[in-house]
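A.B. asks: Have a look at this one before I ask anything.
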Amino acid sequence: MRTWTIPILLTASLALAACSAQFRNHGYIPPEEDLQELVVGIDTRASVEDVVGTPTAGGVLEGGDFFYVAHTVRTFGPRRPEVVDRQVLAISFDEEGVLQNIERFGLEAGRVVVLERRVTDSGVTDTPFLRQLLGSFGRILPTQGAFGS
């Protein structure tokens, strides 16, 4: 009975160690010390980028706001990975590129700040070009002129 005790304890300890939680950090949020150096109404896009670094994402248009995103994911055994911490730092600028506001968002009351990626569907399927070209014949009505009038 003693000969089986050590292998059983070793196997049990390895199984327990395999089920421990693992944490992964992604993204970048500038440290609070760097944010304290920024002065609203004085700093510009260039000076903000010099102090806190390149943003994770920029605004939709050229010259948009800066966004810094970081999150921590916990994986526990065979369970689905879970976001346990998410922070979003939004730095906004006015029309002249002067620092207007610094806001921080995160997990509040157990609700995750949802980050989505919205992609516009191009409408193009896996149909080859020649098939698309030949498929358009017959759709043109004789009443339509050369310019669709």
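A.B. asks: Given the conditions (1) among the β-branched types (Val, Ile, Thr); (2) surrounded by 14 or more Cβ atoms within 10 Å (Cβ to Cβ); (3) at pLDDT below 85, and given that VAL69 satisfies all but one, which numbered condition is not satisfied?
C.D. replies: The one condition VAL69 does not meet is (3).
A.B. asks: Based on this model, can you work out whether THR3 counts as among the hydroxyl-bearing types (Ser, Thr, Tyr), surrounded by 13 or more Cβ atoms within 10 Å (Cβ to Cβ) and modelled with pLDDT under 80?
C.D. replies: Considered against the rule, which asks whether it is among the hydroxyl-bearing types (Ser, Thr, Tyr), surrounded by 13 or more Cβ atoms within 10 Å (Cβ to Cβ) and modelled with pLDDT under 80, THR3 comes out as no.
A.B. asks: So SER92 fits all but one of (1) modelled with pLDDT of 85 or more; (2) of a type in the set (Ser, Thr, Tyr); (3) assigned to a loop (DSSP other than H, G, I, E, B); what number is the exception?
C.D. replies: Going through the list (1) modelled with pLDDT of 85 or more; (2) of a type in the set (Ser, Thr, Tyr); (3) assigned to a loop (DSSP other than H, G, I, E, B), SER92 breaks only (3).
The values are calculated or read from the model by the stated rules, or taken from the named source; none is laboratory data. Keep in mind that this is a model prediction, so the values were computed, not measured. Here Cβ is always computed from backbone atoms with ideal geometry, including for glycine, and neighbour counts include all displayed protein chains.
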